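So the structure is just underneath, and the comments pick up after that.
The values are calculated or read from the model by the stated rules, or taken from the named source; none is laboratory data. Note that the structure is predicted; figures quoted are calculated from it, not measured. Positions of Cβ are generated from backbone atoms using ideal geometry, with glycine treated the same way; all protein chains shown enter the neighbour counts.
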Amino acid sequence: MLALVACAACGIPTTGGPTAIAKSDVPFHLLNPVPPTTVNSTLPPEVGVSEPIFMVAPSLHLVEVSRDVQIPATLSEILGALLEGPTAAESAAGLQSFLTGSRTQVVTTVAGGIATVNFTTNPIQVVGPDQTLAIAQVVFTATQQPGVTGVTFQIAGQPIEVPTANGVQVPGPVDRTSYVPQAPLP
């Protein structure tokens, strides 16, 4: 009973309604609140989504890295990001690209699982095994996208033949099995 009486006497007013508080009893910062300020952000708007592309490791195998592209990410935008080459950090880690087309534009279409990759100019300025790696970069990047199983190539709208890992020039389509020796290491 003593506990009940003690609890009833603790701090809960018994008046039936609100009562005025003396101005001297109100904390100062509540009497003169500072209005919220609006700050314009200097951060860039959200770029979009991170998509996988493939660079060449020092082992001469492909390695997956990510690039942010606009939403919705189109295959043309993803391959455009591939053409930009490695970042400074990736270069410092020994990654490289055998595609030299930061000024090259790319347009893609996909029909029946085959992506037609049309470059405005030839982004592959290397020969031999390096040329095969460059083609493999595009093939692995394109076929990473849902629904793309193979790739054909064009330069300025004209179909071209590309080398496969076994050295044969083919008109396409080519797929990941055409570049098994260049595939990422497990």
Just the residues that are without any contact (Cβ under 8 Å) to a residue 40 or more places away in the chain, within 21 Å of ARG103 (Cβ to Cβ) and over 11 Å from the mean Cα position of the chain (by Cα), please, taken from segment 55-77.
THR74, SER76
Just to verify a result, which residue in segment 87-99, among those that are within 20 Å of the chain's Cα centre (by Cα) and under 23 Å from VAL174 (Cβ atoms), is surrounded by the most Cβ atoms within 10 Å (Cβ to Cβ)?
LEU99
It is to be established whether one or more residues within segment 146-161 are within 24 Å of PRO58 (Cβ to Cβ) and either surrounded by fewer than 23 Cβ atoms within 10 Å (Cβ to Cβ) or touching a helix residue (DSSP H, G or I) at 6+ places or on another chain (Cβ under 7 Å) (or both).
no
Looking at segment 109-137, which of its residues are in contact with a strand residue (DSSP E or B) (Cβ under 8 Å, 6 or more places away or on another chain) and farther than 15 Å from VAL162 by Cβ?
THR109, VAL110, GLY113, THR120, THR121
Which condition breaks for THR116 when tested against (1) at pLDDT 95 or above; (2) surrounded by fewer than 21 Cβ atoms within 10 Å (Cβ to Cβ); (3) within 24 Å of SER66 (Cβ to Cβ)?
(3)
Going through (1) surrounded by fewer than 18 Cβ atoms within 10 Å (Cβ to Cβ); (2) touching a Ser or Thr at 6+ places or on another chain (Cβ under 9 Å); (3) under 22 Å from ALA57 (Cα atoms); (4) without any contact (Cβ under 8 Å) to a residue 60 or more places away in the chain one by one, ALA165 fails only at (1)
